Each structure stands twice: as structure tokens, then as C-alpha cells.
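Read the figures in this text as sums done on the coordinates, not as results from a lab. This is a predicted model, so every value here is computed, not measured. Ideal geometry is used to build each Cβ from the backbone, glycine not excepted, and the neighbour counts take in all protein chains shown.
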Amino acid sequence: MKAATDPQNLTERIADEIRSKLVHGEFAPGQRLSEAALSEALAISRNTLREVFRVLTKEGLLVHEPNKGVSVAVPSMASIIDIYRVRRMIECQALAQAYPMHPARAWMREAVETARQQAAVENWAEVGTANMAFHKAVVALADSERLNEMFSHLLAELRLAFGLLRDPHFLHAPYVEMNQHILQTFEDGKPAEAAKELHDYLVHSERLILGAYARKLSESGHKLA
């Protein structure tokens with residue numbers, strides 16, 4: 001087992017921490033990251049932070065530009081389409097083939113209840129975070145550590161795509177009830193039907209995000225990528 005002081009272990013831990021911040025919506029697409037401020041906030045050296053930046057840049061979550069520094073990536077239209085293609089392949093299969101009494105069902109239920117509570121007080125950013133937790137729980141139904149790790153990286157990219165939409169209420173509100181309905185269908189012993197509902201849900205979500213992306217580019221005067 002790696003020691004806590006192992007440089008590689010520290011790099012992985014800090015990379016996970018920044019991914020978590022992305023998933024929770026703490027960084028916005030295009031936001032510049034101050035090396036000095038972030039290294040101080042994370043209590044790590046600048047050399048360690050630069051290694052973390054290299055890891056996350058390779059994953060497509062950050063962008064390094066000469067003489068400009070590091071900023072949070074802005075997902076391209078092609079990457080958004082690919083994210084949703086992968087989501088449909090992983091999530092729908094995990095749900096369709098899962099045992100309705102799988103332990104991850106409790107995590108799905110907890111995420112749904114958290115989303116409903118946060119929606120009641122109109123805390124839409126936290127509704128979005130609960131939505132991420134719901135889909136992470138869906139993938140956990142597959143009992144694959146490799147899929148869990150891959151999906152955790154994908155969630156960070158997904159949250160950046162969500163950040164393109166300026167109205168979190170418009171983005172997240174419809175899925176509170178949709179998640180509830182998918183969960184109920186699954187708990188009723190109809191995993192294949194729940195997977196079909198999830199597929200349609202993901203198609204709807206993809207169209208919403210792509211529409212927001214197109215509007216953002218149109219407003220900025222850029223062509224679609």
C-alpha cells in the first residue's frame with residue numbers, strides 16, 4: 001500500500017479532490033485557475049499542483065495555454081455527444097441487468113430524497129450534485145470498480161457541460177421527478193423498463209445540453225465545434 005507521503009499517491013488524491021470540486025460545480029467552464037491560490041488552499045507545493053494539472057489536462061478537464069496558464073475546460077459539442085453515448089452504454093446496461101435489491105439501490109434512494117429536499121428550498125446547484133450521485137449509484141449497480149472509476153471522471157466532464165447552461169433550475173428541475181420514477185420502476189422489479197426510461201431521459205438531457213451549447217456559441221459569435 002502506498003504511503004500517505006508518496007508523491008504519486010498525493011497527486012492522485014489531489015486530482016480526485018479537484019475532480020470532486022468539478023462534480024460539485026465549484027469551478028465553471030473557462031474559469032482560470034490561480035496556481036498560487038490553489039496550491040495554498042490545498043496545502044501542497046506548486047510542483048505537486050503542476051503534476052495534478054498535467055493529469056487533469058490529459059483527462060480533458062483542464063486546458064493549459066502558453067503564457068495564459070491553466071483554466072477549466074469548456075466541453076466541445078463532440079465531447080458532449082461522446083459523453084452521452086458512453087452514459088447510455090454504461091448506465092442503461094447497468095440498470096437493465098441489475099438485481100432490484102442491490103445495495104446501490106439505497107444510494108439511488110438517498111440521492112432522490114436529497115434532490116427533492118434541495119428542490120423544495122430551490123437550491124438547484126445541490127439538486128445537480130444529488131443528480132450526479134444518483135447516476136453514480138446507477139453505475140455502481142454493475143459491481144465494477146473499473147466502471148466506477150471511469151464514470152467518476154466522466155461526471156466531472158458532465159458537470160462542466162452542465163455549467164454551459166446558465167439556468168440551473170431549468171436544467172435540473174425536470175430530472176428530480178424523472179429520477180424518482182426510474183427508481184420506483186426499478187424497485188417494482190422492472191429493470192428493463194427502468195433502463196428504457198433512463199435511455200429516453202438521457203436523450204432528452206443530451207438535447208438540452210447541446211441546445212445550451214449552441215446558444216452559448218451563437219451569443220459569443222463562434223461557430224459550432
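Between the helical axis of 124-140 and the longest alpha-carbon principal axis of the chain there is an angle of about 70 degrees.
For Glu40 and Asn67, a Förster radius of 30 Å and the Cβ-Cβ distance give a FRET efficiency of 0.85, rounded to the nearest 0.05. In the structure shown, the pairs Lys136/Lys190; Lys21/Lys190; Lys190/Lys216; Lys58/Lys196; Lys58/Lys136 are assessed against 31 Å; a Cα-Cα span above that value is assigned to Lys21/Lys190; Lys190/Lys216; Lys58/Lys196.
Take the Cα pairs of the range 110-205, get the Kirkwood Rh, then feed it into Stokes-Einstein at 25 °C and 0.890 mPa s and tell me D in µm²/s.
It diffuses with D of about 177 µm²/s by this estimate.
Computed 3J(HN,Hα) for the range 74-91, one whole-Hz value per residue from the Karplus formula 6.51 cos²θ - 1.76 cosθ + 1.60 where θ = phi - 60°, is 9, x, 7, 4, 5, 5, 5, 4, 5, 4, 6, 4, 5, 4, 5, 5, 7, 5, glycine and proline marked x.
When the alpha carbon gyration tensor of the chain is reduced to an equivalent ellipsoid, its three semi-axes come out at 30, 22, 16 angstrom, largest first.
Shape class for the range 1-120, computed from the alpha carbon gyration tensor (a ≥ b ≥ c): prolate, with a/c not under 1.5 and a/b above b/c.
Hydrodynamic analysis of the range 7-72 uses the Kirkwood radius over alpha carbon pairs. Inserted into Stokes-Einstein at 25 °C and 0.890 mPa s, it gives a translational diffusion coefficient of 207 µm²/s.
Computed from label points 7 Å out along Cα-Cβ, the spacing between His199 and Ala106 is 3.1 nm. Dividing the summed -39500 (n - 2.57) terms of all DSSP H runs of n ≥ 4 by the residue count of the chain sets its mean residue ellipticity at 222 nm at -24000 deg cm²/dmol. Of the residues Tyr175, Met89, Ser45, the one whose Cα sits farthest toward the positive end of the charge dipole of the chain, with +1 on the Cβ of Lys and Arg and -1 on the Cβ of Asp and Glu, is Ser45.
Angle check, please: helix 104-120 long axis (alpha carbons) against the longest principal axis of the chain (alpha carbons), in degrees 0 to 90, nearest 10. Compared with the principal axis, the helix lies near 80 degrees. Note that the range 200-215 has calculated 3J(HN,Hα) couplings of 5, 4, 5, 5, 4, 5, 4, 4, 5, 5, 5, x, 5, 5, 4, 5 Hz, one per residue in order, obtained from phi through the Karplus relation 6.51 cos²θ - 1.76 cosθ + 1.60 (θ = phi - 60°); glycine and proline are x. The angle between the Cα long axis of helix 145-162 and the longest principal axis of the Cα atoms of the chain comes to about 80 degrees, rounded to the nearest 10. For the chain, relative contact order (Cα pairs under 8 Å, six or more residues apart, normalised by length) works out to 25 percent. Gly30: net charge of surrounding residues, Cβ under 15 Å, Lys/Arg +1, Asp/Glu -1, itself excluded? Value of the local net charge: +1.
Which of the listed residues, Thr11, Leu202, Val121, is farthest toward the dipole's positive end in the chain, when Lys, Arg count +1 and Asp, Glu count -1 at the beta-carbon? Working it through, the farthest residue towards the positive pole turns out to be Thr11. Phi angles of the range 178-183 translate, via the Karplus equation with coefficients 6.51, -1.76, 1.60 and θ = phi - 60°, into HN-Hα couplings of 4, 4, 4, 5, 4, 4 Hz per residue; Gly and Pro are given as x. Taking amide H as placed 1.01 Å from N in the peptide plane, the amide H of Leu62 sits under 5 Å from that of Thr57, Ala73, each at least 5 places away or on another chain.
Placing pseudo-labels 7 Å out from each Cα toward the beta carbon at Glu122 and Asp188 gives an inter-label distance of 3.3 nm.
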